[in-house]
Amino acid sequence: MGLFDTFIDEDSTCPNCKAKVSDWQTKDLDNLMERWKKGDFVQYRKLEIITEEERKQKYPDDKFAPLRRTKQFVSNIPLMSYGKIPVDTSCDDCEAWLEAYAIIQGGRFSGIVKIDVDGKDRDLVLIRSEKSAKELREEFEERLSSLQMSCNHEESKWQILPLSEGPFIGKMRVCVRCEKTLETISGFDEHEKYEIDPNDPFFHPVPRRKTETGKKRKGRARQSRMSDHDKTLYGRP
Ligand SMILES: [Zn+2]
Ligand SMILES: [Zn+2]
């Protein structure tokens, strides 16, 4: 069966005779006879079956009640966020075979470009966009902040302060559920054990030097002096 989907661009013209060519077909998607106009969200719409009564009124010659498209999409994620979908058509005026691309930007159909007469079949092009990655991050941050606002922060744990947080040593109490930082304290207790986030890009474990047993003790003494120095610098809770 020759099923396809259609992109409609009223502004596209035939390069051969300059006639208007608005309907462009593609077989690269799911071929459900969907039609997208410029600016439309590129996703299929949910279908509904019309009632027998309505069928008799509007489609008296159809034996089966036709399906009707609703305004609801089957998903709020577009079929493609950024990319080019190969489309083709033939010009009604000069009968030239035309190949082109339907451009998708931000999940919406933005128009037909690169129209060739008797051009070669084109491949589907997916564009990995900086903008889409940025949009995803913004959406994640929005969701996280709404989670943090609705959370009662009932359970929390102490973690060592990520070095990315600032140029001081300390610890922070974070909510187990929403990961919001509830309090931070500069300086930390050597007797306590803290979780260190190994994914903290600013965290670099200091490589241990292989030393002789005698020198090892000396090294430790120096280390403890260093932490005294830190204590005077950053203070204690
Ligand atoms: Zn033409
Ligand atoms: Zn919380």
Worksheet item: Quick one: Val174 ticks every box in (1) of a type in the set (Val, Ile, Thr); (2) more than 15 Å from ligand 2 (Cβ to nearest atom); (3) modelled with pLDDT of 70 or more bar one, so which box is it?
Response: (2)
Item to complete: Within the stretch 28-45, track down each residue that is surrounded by fewer than 14 Cβ atoms within 10 Å (Cβ to Cβ) and not aliphatic (A, V, I, L, M).
Response: Asp30, Arg35, Lys37, Gly39
Worksheet item: Going by the structure shown, is Ser90 over 30 Å from Lys58 (Cα atoms), among the hydroxyl-bearing types (Ser, Thr, Tyr) and within 16 Å of ligand 2 (Cβ to nearest atom)?
Response: no
Worksheet item: Which of the residues belonging to the stretch 2-24 are more than 27 Å from the chain's Cα centre (by Cα), assigned to a strand (DSSP E or B) and surrounded by fewer than 20 Cβ atoms within 10 Å (Cβ to Cβ)?
Response: Thr13, Lys20, Asp23
Item to complete: Mind listing whichever residues of the stretch 31-45 are under 15 Å from Leu67 (Cβ atoms) and under 22 Å from the mean Cα position of the chain (by Cα)?
Response: Tyr44, Arg45
Worksheet entry | Residues of the stretch 106-115 that turn out to be surrounded by fewer than 18 Cβ atoms within 10 Å (Cβ to Cβ) and at pLDDT 90 or above, as a count | 4
Worksheet item: Since Gln43 meets every condition but one in (1) in contact with a Leu (Cβ under 8 Å, 6 or more places away or on another chain); (2) not in a loop (DSSP other than H, G, I, E, B), which condition does it not meet?
Response: (2)
Worksheet entry | Ile50 vs. criteria within 22 Å of the chain's Cα centre (by Cα), on the phi < 0 side of the Ramachandran plot and not hydroxyl-bearing (Ser, Thr, Tyr) | no
Item to complete: Please find, within the stretch 1-55, the residue that is nearest to ligand 1 (Cβ to nearest atom) out of those that are over 25 Å from Ser81 (Cα atoms) and among the basic types (Lys, Arg).
Response: Lys18
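The values are calculated or read from the model by the stated rules, or taken from the named source; none is laboratory data. Since the structure is predicted, the reported quantities are computational estimates derived from the model, not experimental observations. When we count neighbours, we look across all protein chains shown, and the Cβ atoms used for this are built from the backbone with ideal geometry, even at glycine.
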